[in-house]
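Notes to accompany the following structure.
The values are calculated or read from the model by the stated rules, or taken from the named source; none is laboratory data. On a predicted model such as this, the values are computed, not experimentally measured, just so you know. Every residue, glycine as well, gets a Cβ built from its backbone with ideal geometry; the counts of neighbours run over all protein chains shown.
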Amino acid sequence: MIQSGYQNILKLPDLKRKLLVTLALLFVYRVGVHVPTPGIDAAALASFFDSAKGTLFAMFNMFSGGALENLSVFALGIMPYISASIILQLMTVVVPHLEQLSKEGEHGRKKITQYTRYGTVALSIIQGFGISVGLEAMTSPAGAPVVMYPGWGFRIVTVITLTAGTAFIMWLGEQITERGIGNGISLIIFAGIVARMPTAIGNTLRLVSTGEMGIFIVIILIVLMVVVIGCIIFMEQSQRRIPVQYAKRVVGRKMYGGQTSHLPLKINTAGVIPPIFASSIIMFPATLANFIDLPLMQSIAAAMHPGTIVYNLIYVGFIVFFCFFYTAVTFNPDDVAERMKKNGGYIPGIRPGKKTAEYIDKVLTRITLGGAVYVSAVCVLPTMLMTKFNVPFYFGGTALLIVVGVAIDTISQIETHMISRNYEGFLGKTGAIKGRR
């Protein structure tokens, strides 16, 4: 069955080309992760990160795919782009010019994308400078300085290098989205997380062999991951289906309509966007706090340690906010009700027009709240348990949600390409992803 799916991919030149382009661009990204920034003592930096496991640096390193611990040209990762996207989306609600651009179709979208690129470069410069200054003050546990030749020369080179690296990643993501398969930005984060799995598994096996971690704890962690993955797959495919009835219409001598359909509303409409956005917002000020040697900033950095109560409360708050915000941006009940009314559709027991929009909004608000609770629980509870068990790597619920969510979305797009050309889905007839009708 699965073999048949692979064979069908080879029968579609366009889909095969998109997959090859995606894999090639992701390979370029992974190569760039290992290109170091000039002026860094790699051994001292690696020693520093060995002592920073389980901290915010470990989570930032996970999202950058290991680029931060190498301080490669891609050390900033894609987070500046995501932060700029968040800022532009929030400003779209309050700035009339941006709101007007968002309603102008393709032209407006291109203009907002251009502004997002400018914002990405600006944030990269700020973060790159902060990291360069912070690196000059960093030392390994043995006291060796991380920066071999500190000064303005190192700072300028580091800012230029890291900003260029982020701009290149942004370009790679856009190329994957345009010429490949799936969402480029999400796939880059996905590739970074998955690339860390062999190292994490190796470290765990090493700790088990030396007796530093019990086999019982490893079994608990494996069971926990399986349960979380199962919950994610179930919830990501869950829908609330609102029945829709279409009235009969006579056109000429023929009668049309009279069909019964449904309006599918996903429990988690926002997908993996809320945890990614929330992580990027938390990591930006918290990372700067780690680099600034002031008592207040050090207190902030300590409070923002993953697993603490303050961190979890802020993290959950941002996740809930972005679940509702992103759903509101991408799904407009008024537009749906208007299109339904024009096509002669109505929800049984609900008047068409404004009442239908209010009903859809009410249902959407309820299921979005449930989706926000689900995303928050998946992102926070496993991380708390892993902190309690002193797991030697950061691979909590946030990473699992991103990996599983992006995988489901990418496979769905592959199936859509195949089904649209009358080919069997990627997983065969019995293995097609549910909820994608």
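Descriptive notes on the structure:
- Answer from GLY180, GLY184, GLY211, GLY202 - the residue that is touching a Gly at 6+ places or on another chain (Cβ under 6 Å) and not β-branched (Val, Ile, Thr): GLY184
- Extreme residue, nearest to the chain's Cα centre (by Cα), among residues of the stretch 143-190 that are closer than 12 Å to ILE78 by Cβ and surrounded by fewer than 19 Cβ atoms within 10 Å (Cβ to Cβ): GLU174
Okay, residues lined up against (1) crowded, with 19+ Cβ neighbours inside 10 Å; (2) modelled with pLDDT of 80 or more; (3) not assigned by TED's automatic domain parsing to the domain that holds LYS266:
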site: MET304; (1), (2), (3): yes, no, no
site: PHE322; (1), (2), (3): yes, yes, no
site: TYR326; (1), (2), (3): yes, yes, no
site: ASP335; (1), (2), (3): no, yes, no
site: ILE347; (1), (2), (3): yes, yes, no
site: ILE350; (1), (2), (3): no, yes, no
site: LYS355; (1), (2), (3): no, yes, no
site: TYR359; (1), (2), (3): no, yes, no
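- Screening ARG196 on (1) surrounded by 17 or more Cβ atoms within 10 Å (Cβ to Cβ); (2) modelled with pLDDT of 85 or more shows it passes everything except condition (2).
- Pairs where the first residue, in the stretch 183-209, is farther than 15 Å from PHE27 by Cα and the second is among the hydroxyl-bearing types (Ser, Thr, Tyr), C-beta under 7 Å, 6+ apart: ASN183/THR177
- Qualifying residue in the stretch 134-144 (condition: closer than 24 Å to TYR29 by Cβ and at pLDDT below 85): yes
- Matching helices (runs of 4 or more DSSP H) fully within the stretch 35-99 where at least 2 residues are at pLDDT 80 or above and surrounded by fewer than 24 Cβ atoms within 10 Å (Cβ to Cβ): 79-94
- Residue match in the stretch 152-164 (condition: farther than 30 Å from GLY130 by Cα, part of a helix (DSSP H, G or I) and among the aliphatic types (A, V, I, L, M)): no
- Selection of the stretch 332-376 for residues being touching an Asp or Glu at 6+ places or on another chain (Cβ under 8 Å) and of a type in the set (A, V, I, L, M, F, W, C) yields only ALA357.
- Candidate set from the stretch 1-15 (those that are part of a helix (DSSP H, G or I) and exposed (fewer than 13 other Cβ atoms within 10 Å of the Cβ)); member that is modelled with the lowest pLDDT: ILE2
- Meets criteria (of a type in the set (A, V, I, L, M), part of a helix (DSSP H, G or I) and not assigned by TED's automatic domain parsing to the domain that holds MET384) for VAL194: yes
- Selection status of ILE217, within 30 Å of GLY371 (Cα to Cα) and part of a helix (DSSP H, G or I): yes
- Some residue of the stretch 369-380 being assigned by TED's automatic domain parsing to the domain that holds VAL227, more than 23 Å from the chain's Cα centre (by Cα) and in a helix (DSSP H, G or I): no
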